[in-house]
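Asker: First the structure, which I've put down as structure tokens, then a few questions once you've had a look.
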Amino acid sequence: MEKRPILRNKIFLYLTEFFAGMSVMAVELGASRLLAPYFSSSQIVWTIIIGTIMIAMALGNIFGGRSADKNPNPDKLYGRILIASVWIALIPVVGKYIILGISALLIFTVNNNFLIIAAFAACMVIFVFPLFLLGTVTPSLAKYSVDSLNDSGKTVGTLGAFNTIGSIIGTFIPTFVTIPAVGTSVTFLIFAGILIALGVIYFISAGTGRIKSIAAVVILAVSAVFGHSASFAFWEDDLTYEGESVYNYLQVYEDDNEVVLSTNVLFGVQSVKLKEPGLTGMYYDYAMAAPLMADIAGKNKCDILILGMGSGTYATQCEAYFDNVNIEGVEIDSKITDLAVKYFDLPEDVKVVTYDGRAYLNAVDTKYDVIMVDAYQDITIPFQMSSVEFFTLVKKHLSDDGVMVVNMNMRGGGEGSINDYLADTIASVFDNVYTVDVDGSTNMELFASDNEGMLDNLSDNLESLTEGELASALRSVAFGLTEYQAGEYLMTDDKAPVELLGMQVIDSIIKEEVDYYKKIYQEQGIQGVIDNL
């Protein structure tokens with residue numbers, strides 16, 4: 001077959017390889033952001049994404065090579081690029097509905113590893129086909145660009161270099177530019193548009209594929225109209241704020257009583273602010289026992305460090321109820337800090353550093369009376385903040401009678417659960433460890449110190465506490481405290497399987513929540529479930 005004029009100069013082939021590599025990585029990063037609000041952004045989800053995409057690319061390589069040998073017509077390749085680009089353009093329109101549809105189907109049929117199976121199924125349905133098609137690009141281009149065996153090595157090497165450079169750029173641009181600036185949905189549309197432009201340029205120069213090109217452009221335009229929204233919780237129509245940062249999907253919603261920050265769609269509350277002064281009724285109230293354990297009444301100033309500041313609920317409460325606190329916060333996501341100021345009335349005198357919690361401890365030598373560790377969110381527990389080495393570092397930054405308080409947001413999972421691992425790890429570092437379950441939630445609060453008098457301090461400070469509401473709440477905490485008996489479940493920097501442990505607890509929580517609806521489904525069918533939602 002005679003070579004198309006546009007392909008006689010290999011530059012266009014190299015550009016095709018470059019933008020294909022760029023788009024594959026952009027779609028991979030977009031996949032992580034599309035799935036994260038529903039399934040978390042844990043290492044498990046990343047493994048699923050990378051694994052399924054590698055499967056798709058490998059199959060595409062095989063098919064592309066065989067197809068190019070059998071029918072070396074570049075129209076076929078650029079037709080596949082157009083199809084892949086149209087599919088990618090449609091992801092912002094239908095992707096989140098597919099995820100929820102798959103989840104709704106599996107939640108009634110899967111008893112174990114629900115999140116793993118649902119995330120894998122969603123990834124297979126949404127991303128495998130377009131990336132399979134893009135996987136055909138490299139072997140096909142090698143067929144079209146190699147003129148003789150004399151320059152085959154150079155040509156294939158150049159193609160590989162363009163693909164790699166494109167992949168590198170496709171890694172950085174979504175993470176640091178497009179996703180924070182315009183969101184995941186528009187990022188998909190941008191890279192779909194690049195691929196469509198490649199296909200359209202080729203077909204215009206070739207004088208063929210006019211209908212394909214027009215259809216692709218029209219679908220991109222329709223997707224831009226209906227798929228540009230950054231909304232993941234599409235059933236919500238009254239959110240105060242919804243957006244994305246480098247690290248998180250962010251959602252702020254409010255009612256007559258409170259303002260809430262959530263960093264995912266399906267699980268939990270990250271921070272809360274009551275519109276009327278008072279306690280939250282959540283784990284923040286329980287953590288208020290830590291300053292009393294550190295003998296806040298006997299200090300001119302109680303220095304508190306919060307690792308995982310969020311929107312500053314704990315800091316705000318401490319300042320509201322104690323008049324001698326100096327509070328610092330560490331929050332890795334600067335956009336959350338911005339939301340804390342705008343929507344959650346973060347006190348101006350609270351210093352917030354944008355940094356990783358452990359890295360911050362490594363960078364400073366300050367000692368604190370209380371260090372609160374509140375960086376655990378569903379199954380996305382940073383392993384580097386769950387190990388013996390981390391808690392040893394926390395201990396070094398505590399004063400002699402200092403107290404660490406840790407919010408563990410998942411109870412259950414049986415013997416060897418994530419909380420067993422965390423508590424045993426902490427107990428291997430601190431001499432005195434106490435836990436208390438938070439009423440009405442899956443949270444457990446843990447207090448640790450090398451000061452044997454921490455409970456005496458709590459009791460003494462409770463007697464002198466003048467604020468009635470807080471005193472009543474903390475007396476309940478004191479009554480519910482249990483001395484922790486250490487076991488042998490330890491986590492280290494070398495081995496900390498936090499994602500798998502967290503997944504076990506999430507599975508048990510989902511099972512408990514779904515059992516009620518499963519029973520209705522068995523008795524009344526799908527209509528009964530809909531009526532009871």
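Values quoted throughout were computed directly from the atomic coordinates according to the rules given, and no laboratory measurement underlies them. Computed from a predicted structure; not experimentally measured. Ideal geometry is used to build each Cβ from the backbone, glycine not excepted, and the neighbour counts take in all protein chains shown.
Asker: On a 0 to 90 degree scale, rounded to 10, what angle separates helix 334-343 from the longest Cα axis of the chain?
Answerer: Between the helix axis and the principal axis of the chain, the angle is about 60 degrees.
Asker: What is the ratio of the Cα radius of gyration of the chain to 2.2 N^0.38 Å, with N the residue count, to two decimals?
Answerer: Cα-based Rg divided by the globular estimate yields 1.14.
Asker: Cα-based Rg (one decimal) and Dmax (whole number) for segment 279-499, in Å?
Answerer: 16.1, 47
Asker: With r as the distance between the Cβ atoms of L15 and R210 and R0 = 30 Å, compute the FRET efficiency 1/(1 + (r/R0)^6) and round to 0.05. Intermediate values should be presented prior to the final figure.
Answerer: Values: r = 22 Å, r/R0 = 0.72.
Calculated value: 0.90.
Asker: Tally Lys and Arg at +1 and Asp and Glu at -1 over the other residues with C-beta under 15 Å from the C-beta of I196: what net charge comes out?
Answerer: Numbers: positive: R80, R210, K212; negative: none.
It works out to a net charge of +3.
Asker: Among the aspartates and glutamates, which have Cα under 16 Å from the Cα of K70 when same-chain residues fewer than 8 positions away are ignored?
Answerer: Answer for K70, where 16 Å is the Cα cut-off: E2, listed by chain and number.
Asker: Okay, moving on. Could you pull out every one of the aspartates and glutamates with an alpha carbon less than 19 Å from that of K495, ignoring same-chain neighbours closer than 8 positions?
Answerer: Within reach: E389, E415, D420, D424.
Asker: Give me, ordered by chain and number, the residues 5 or more places off G310 or on other chains with an amide H under 5 Å from its own placed amide H.
Answerer: Placed amide hydrogens put nothing under 5 Å from G310.
Asker: To continue, here is another question. Post the alpha-carbon centroid distance, segment 329-382 to segment 64-108, in whole angstrom.
Answerer: 41 Å
Asker: Kirkwood hydrodynamic radius (Cα pairs, Å) of segment 5-226? If you can, show how the numbers build up before the last one.
Answerer: Numbers: mean 1/r = 0.0558 Å⁻¹.
It works out to 17.9 Å.
Asker: What distance in nm separates the two pseudo spin-label positions at V364 and K495, each 7 Å out from Cα along the beta-carbon direction?
Answerer: 3.4 nm
Asker: Under the classification rounded if a/c is under 1.5, otherwise prolate if a/b is larger than b/c and oblate if not, where does segment 65-192 fall, given a ≥ b ≥ c as square roots of the Cα gyration tensor eigenvalues? Spell out each step's value before the answer.
Answerer: Working: a/c = 2.46, a/b = 1.79, b/c = 1.37.
The shape class here is prolate.
Asker: Sticking with this one: Tell me, V128, V433 in order of fewest to most beta-carbon neighbours within 10 Å? Intermediate values should be presented prior to the final figure.
Answerer: Numbers: V128 18, V433 23.
Listing V128, V433 from fewest to most nearby Cβ atoms yields V128, V433.
Asker: Report, to the nearest 10°, how far helix 454-464 tilts away from the longest principal axis of the Cα atoms in the chain, using its own Cα long axis and a range of 0 to 90°.
Answerer: Here the helix axis deviates by roughly 70 degrees.
Asker: Non-local amide H neighbours of M491 (under 5 Å, H modeled in plane, Pro and chain starts lacking H): which ones?
Answerer: The answer is V388, T425.
Asker: Another question, if that's okay. Taking GluC sites (Glu not before Pro) that fall in a DSSP loop and have at most 11 other Cβ atoms within 10 Å as cut points, what is the longest piece of the chain between them? All intermediate terms of the calculation are to be shown ahead of the outcome.
Answerer: On the way: sites that count: E2, E348, E415, E452, E488.
Value returned for the longest uninterrupted segment is 3-347.
Asker: Can you list the HN-Hα couplings for segment 417-434, worked out from phi with the Karplus curve (6.51, -1.76, 1.60; θ = phi - 60°), rounded to whole Hz and with x for Gly and Pro?
Answerer: 6, 4, 5, 4, 5, 5, 5, 5, 4, 5, 5, 6, 9, 9, 6, 10, 9, 10
Asker: Enumerate the amide H contacts of N326 below 5 Å, restricted to partners 5 or more residues apart or on another chain; note that Pro and chain-start residues carry no placed amide H.
Answerer: It is C302, D303, I304, by chain and number.
Asker: What is the chain's relative contact order, in percent, from Cα pairs under 8 angstrom and six or more apart in sequence? Don't skip to the end; give the middle numbers.
Answerer: Numbers: 908 pairs, mean separation 75.5, N = 533.
For the chain, the relative contact order is 14 percent.
Asker: Another question about this same structure. Roughly what angle does helix 114-135 make with the longest principal axis of the chain, taking Cα atoms, 0 to 90 degrees, to the nearest 10?
Answerer: With rounding to tens, the tilt is 30 degrees.
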